[in-house]
1. Just to confirm the number: angle between the C-alpha axis of helix 107-128 and the first principal axis of the chain, 0 to 90 degrees, nearest 10?
2. Can you return the lysines within cross-link range of Lys89? Criterion is Cα-Cα under 30 Å, with same-chain partners fewer than 8 residues away left out.
3. Take Leu156 and Leu123, extend 7 Å from each Cα along the Cα→Cβ direction, and tell me the distance between the two endpoints in nm.
4. Round to the nearest 10 and give me the degree value, 0 to 90, for the angle of helix 49-62's Cα axis relative to the longest principal axis of the chain.
5. Magnitude of the Cβ-charge dipole of the chain, K/R +1 and D/E -1, about the Cα centre, nearest 20 debye?
6. What do you get when you divide the Cα radius of gyration of the chain by 2.2 N^0.38 Å, with N the number of residues?
7. Across the range 101-144, how large is the tail of the calculated P(r) beyond 16 Å, expressed as a percent of all Cα pairs?
8. In nm, to one decimal, how far is the modelled label at Asp140 from the one at Gln39, with both set 7 Å along Cα→Cβ?
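The values are calculated or read from the model by the stated rules, or taken from the named source; none is laboratory data. Please read these numbers as outputs of a predicted model, since none were measured by experiment. Reconstructed Cβ throughout: ideal geometry from the backbone, glycine too, with neighbour counts over all protein chains shown. What goes into the accessible areas is simple: the full protein's heavy atoms, side chains included, and nothing from ligands, DNA or RNA. Shrake-Rupley method; radii C 1.70, N 1.55, O 1.52, S 1.80 Å.
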Amino acid sequence: IKKALELPGFTSDEEGKFLEVNPCLVSMLEAESREELFQHSVKEFYVSPQRRKEIVDKIIKYGFFVNEEIEMVSLKGRKFWSLATAAAKKDAQGQTIKLHGVNQDITERKHAEKQLQIRESYLSAIIENQPGLIWLKDADSRFLAVNQAFAASCGLKSPEELVGKSDLDIW
């Protein structure tokens, strides 16, 4: 519970206007005060109008969304990534009257994922462009990855045909 209270959280009305915000959200959105955020709508902080529409559609359809990655922008213009979860509170007629949500800044994680993707693409390019035979096996001597030259030496067209196989399966 304590960890959840440390996450940037809010309550808004059905239009997204902030009704309540905790200090973590004030900090994350780079507001001067809670009162400053009360002049804004949750919707203003989405970078993509299309993404905002997708999230609103989920709230309307399901009444909640969980762990959605959303690119956001602070009041000072800083773009960041948020992992958001929210749930609608509905009245007796099923109309949304409030929205309760929490956000977690995952910008560092998103940057790390991007760096890993770039690194993986570099390694793949190096491996695939080597004329020599390159392979990687697991502890059970099954192929995890091979390059095109290795696949060709086995009489196969694609490296994927070797994944999961052992030497005994091939020769």
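1. 20
2. Answer for Lys89, where 30 Å is the Cα cut-off: Lys2, Lys3, Lys17, Lys43, Lys53, Lys58, Lys61, Lys79, Lys98, listed by chain and number.
3. 2.0
4. 80
5. Around 180 debye, computed over the chain.
6. 1.57
7. The answer is 62 percent, as a whole percent.
8. 6.3
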